[in-house]
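*Asks:* Right, I'll just put the structure down here and ask away after.
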Amino acid sequence: MSAYTVLLAAVTVYATYRAINWAFFFTSSIKIIVSDWPVNLPSKDEKKSKYVLLEYVASKVPSLFGPNAHFDPIPWLRGGHMQTMYCSIGDFTKVDKIEYQRQLLRLSDGGIAALDFYPSLIDQPPVPGEKVVVVMHGLTGGSHESYVRAALTDLTKPKSEGGLGMRGVVMNFRGCADSPIVTRRLYHAGDTGDLKATMLYLTHKVFKDAQYFGVGFSLGGNAITKYCGEEGDDCPFSAAVSVANVWDFLRGNYHIEGGTLLNHYVYDGVLGGALQSLLGLHKHAFPENAPGLPYIPTESLLKAKGVTLRYFDDRVTAPVFGFKSALDYYTQISSTRWVERVKIPLLGLNARNDPIVSEANHPDVQIRSNPYVILATTGGGGHMGWFERGWTRWYVRPVHQFLDAMIQADIATRPIPKATAPDSKGMVFQEGKPEVGYLEIGPNDFTVVSGDGKSKLFSGW
């Protein structure tokens, strides 16, 4: 065999491997993006407060730091597309079933938020000092999502069973997970108003002296990160994790529209179609010519074929929320703009082969100027996948280890929003923020079973 033949064979094998990412004998390395500026662990324990945050995290999160820091994907789900698509086509009805207790809140603008608690407040009444994790899901998702249930099943297990003994609260975006729409408004990727009302409710009505943590997935990861930046030193979370965050929606739009054929003809249409279905499900709340509100072409939009993200956002999201256009919306709501203002430990998890979120989306520059934020990226995993050998989801491990480390760190007590006394209708507002308010409505003793595969909207991302 000539050297040319050997070289040609080697190039062919390598090109094939690069094309389909079928590396049976390789694991995916972890890349860490951090600031060069040290910041001490924000602990109320004098000894622990002398630790550098990054060094402390590195010593407590072996899935991201050290010899065992890697992601080992299932051999037949090596590529980013395969990992991503399996999130939607896989059958997850047999795993991580959860029965939530749902509580509805009337918000200051008249809309309704649906909060799903696990474990139930009835089965397990609140106790002082609880560790509460507030979860935000992805586009048109909800508490039923397999990625949400995988994390909550692990985090809420008793410590004696290997969990963290936390309480989970999923804040479903308006209209998602069978939550009602009663105003001409859905939600958007940077909408943190409902989260602020949720935190006001949790801190003043539900839990006493609790410690709060945030976990957001995809679109919810953007909202969680943006919220942490908006609140800054006043953020009530002790720490947060942002999983598969888009970070920069303007770059993300260009990537979706100008990327691969799958990006343009599959992902863009699937995500745009998901929003189209969400609008159709709540069509009753979206008349085209509502008095005093911007025009929305509801009928033509619901009949349109091949609706993309920008097509929908130009016609619905932008006018409803007061943005000039979809591109203006993407620019204004990107959590990249808020990374430098985050003042709590925040871990970001992204896959470098995510077909929806390119590496160009990652806020490397902003993170390098803020020592509170750590971004860990894996070579594989796709968007919201991370399916590893054994059919478990890898991201659960670093989320668990990071939150466990923050609990052990004895983080200094965080401020909570100040509430007004209830008004004549029972509505409670945040002091100085009349746009943030809540009122408990309806019964709080009914359950929502998640994991039965009956979602009316697109699931997986």
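*Asks:* How about the range 60-104: which of its residues are basic (Lys, Arg) and within 20 Å of the chain's Cα centre (by Cα)? Talk me through it step by step, then tell me what you get.
*Replies:* Initial filter on the range 60-104 (basic (Lys, Arg)): 60, 78, 94, 97, 102.
Within the range 60-104, Lys97, Arg102 meet the criteria.
*Asks:* For Val307, state whether it is crowded, with 19+ Cβ neighbours inside 10 Å and out of contact with any Ser or Thr (no Cβ under 9 Å at 6 or more places or on another chain).
*Replies:* On the way: crowded, with 19+ Cβ neighbours inside 10 Å: yes; out of contact with any Ser or Thr (no Cβ under 9 Å at 6 or more places or on another chain): yes.
Yes.
Yes/no matrix, rows are residues, columns are (1) among the small types (Gly, Ala, Ser); (2) surrounded by fewer than 24 Cβ atoms within 10 Å (Cβ to Cβ); (3) over 26 Å from Asn253 (Cβ atoms):
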| site | (1), (2), (3) |
| --- | --- |
| Leu152 | no, no, yes |
| Glu161 | no, yes, yes |
| Gly193 | yes, yes, no |
| Met199 | no, no, yes |
| Leu219 | no, no, no |
| Thr225 | no, no, no |
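*Asks:* Could you please tell me which pairs satisfy a Cβ distance under 7 Å, a separation of 6+ or placement on different chains, a first residue in the range 40-52 that is β-branched (Val, Ile, Thr), and a second residue that is surrounded by fewer than 16 Cβ atoms within 10 Å (Cβ to Cβ)?
*Replies:* What qualifies is Val52/Pro38; Val52/Asn40.
*Asks:* Exactly one of (1) within 24 Å of Thr140 (Cα to Cα); (2) aliphatic (A, V, I, L, M); (3) not in a helix (DSSP H, G or I) is unmet by Leu64. Its number?
*Replies:* (1)
*Asks:* Which of the residues spanning the range 145-161 are assigned to a loop (DSSP other than H, G, I, E, B) and out of contact with any His (no Cβ under 9 Å at 6 or more places or on another chain)? Before you say what the answer is, go through the steps one by one.
*Replies:* In the first step, residues of the range 145-161 are kept if they are assigned to a loop (DSSP other than H, G, I, E, B); the result is 145, 157-158.
Lys157, Pro158 - these are the residues of the range 145-161 that are assigned to a loop (DSSP other than H, G, I, E, B) and out of contact with any His (no Cβ under 9 Å at 6 or more places or on another chain).
*Asks:* Tell me which residues, restricted to the range 195-216, are within 20 Å of Gly232 (Cβ to Cβ) and either in contact with a helix residue (DSSP H, G or I) (Cβ under 9 Å, 6 or more places away or on another chain) or at pLDDT below 95 (or both). First the steps, then the outcome.
*Replies:* Initially, the range 195-216 is screened for residues within 20 Å of Gly232 (Cβ to Cβ), giving 195-200, 202-203, 211-216.
Scanning the range 195-216 gives Leu195, Lys196, Met199, Gln211, Tyr212, Phe213, Gly214, Val215, Gly216.
*Asks:* For the range 155-166, check the following and say yes or no: at least one residue is of a type in the set (Val, Ile, Thr) and closer than 22 Å to His282 by Cβ. Let's see the steps before the verdict.
*Replies:* Taking the range 155-166 as the starting set, the residues that turn out to be of a type in the set (Val, Ile, Thr) are 156.
Now narrow it down to the ones that are closer than 22 Å to His282 by Cβ: none.
Looking for residues that are of a type in the set (Val, Ile, Thr) and closer than 22 Å to His282 by Cβ, one finds none in the range 155-166, hence no.
*Asks:* Among the residues in the range 308-317, are any under 18 Å from Ile181 (Cα atoms) and outside the structural domain of Thr183 (by the TED database)? Reasoning before the result, please.
*Replies:* Our first condition is that a residue be under 18 Å from Ile181 (Cα atoms); within the range 308-317, this holds for 316-317.
From what is left, the residues that are outside the structural domain of Thr183 (by the TED database) are 316-317.
Yes - at least one qualifying residue is present in the range 308-317.
*Asks:* In the range 388-418, what residues are under 30 Å from Ile74 (Cβ atoms) and assigned to a strand (DSSP E or B)?
*Replies:* Scanning the range 388-418 gives Glu388, Arg393.
*Asks:* Test Glu46 against the criterion of being open to solvent by 60 Å² or more (accessible area, probe 1.4 Å) and either in contact with a His (Cβ under 9 Å, 6 or more places away or on another chain) or under 29 Å from Ile407 (Cβ atoms) (or both), and give yes or no. Before you say what the answer is, go through the steps one by one.
*Replies:* On the way: open to solvent by 60 Å² or more (accessible area, probe 1.4 Å): yes; either in contact with a His (Cβ under 9 Å, 6 or more places away or on another chain) or under 29 Å from Ile407 (Cβ atoms) (or both): yes.
Spelling it out, Glu46 is indeed open to solvent by 60 Å² or more (accessible area, probe 1.4 Å) and either in contact with a His (Cβ under 9 Å, 6 or more places away or on another chain) or under 29 Å from Ile407 (Cβ atoms) (or both).
*Asks:* Let me ask something additional. Determine, yes or no, whether Phe117 is more than 20 Å from Val169 (Cβ to Cβ) and open to solvent by less than 10 Å² (accessible area, probe 1.4 Å).
*Replies:* On the way: more than 20 Å from Val169 (Cβ to Cβ): no; open to solvent by less than 10 Å² (accessible area, probe 1.4 Å): yes.
Against the criterion (more than 20 Å from Val169 (Cβ to Cβ) and open to solvent by less than 10 Å² (accessible area, probe 1.4 Å)), Phe117 does not qualify.
*Asks:* Then there's this: Can you name the residue in the range 409-427 that is surrounded by 11 or more Cβ atoms within 10 Å (Cβ to Cβ) and of a type in the set (Gly, Ala, Ser) and is also farthest from the chain's Cα centre (by Cα) among such residues?
*Replies:* Checked the range 409-427; the qualifying residue farthest from the chain's Cα centre (by Cα) is Gly426.
*Asks:* Identify, from the list Ile367, Ile344, Ile374, the residue that is open to solvent by less than 50 Å² (accessible area, probe 1.4 Å), part of a helix (DSSP H, G or I) and either in contact (Cβ under 8 Å) with a residue 12 or more places away in the chain or among the basic types (Lys, Arg) (or both). Explain how you work it out, then say what you get.
*Replies:* Values: Ile344 fails: part of a helix (DSSP H, G or I); Ile374 fails: part of a helix (DSSP H, G or I).
When all the criteria are applied, what remains is Ile367.
*Asks:* Which residue is surrounded by the fewest Cβ atoms within 10 Å (Cβ to Cβ), if the candidates are limited to the range 310-339 and must be among the basic types (Lys, Arg) and in a helix (DSSP H, G or I)? Reasoning before the result, please.
*Replies:* Initial filter on the range 310-339 (among the basic types (Lys, Arg)): 310, 315, 324, 337.
Add one more test, that the residue is in a helix (DSSP H, G or I), and what stays is 310, 315, 337.
Numbers: Arg310: 20, Arg315: 20, Arg337: 18.
Once the filter is applied, the top-ranked residue is Arg337.
*Asks:* I want to confirm something. Restricting to the range 424-434 and keeping residues that are out of contact with any Leu (no Cβ under 9 Å at 6 or more places or on another chain) and assigned to a loop (DSSP other than H, G, I, E, B), which single residue is nearest to Leu105 (Cα to Cα)?
*Replies:* Result: Ser424.
The values are calculated or read from the model by the stated rules, or taken from the named source; none is laboratory data. Just so you know, these numbers come straight off a predicted model, no measurement behind them. Cβ sites come from the backbone with ideal geometry, for glycine too, and all protein chains shown count toward neighbours. Protein only, heavy atoms only, side chains kept; ligands, DNA and RNA dropped before computing areas. Shrake-Rupley method; radii C 1.70, N 1.55, O 1.52, S 1.80 Å.
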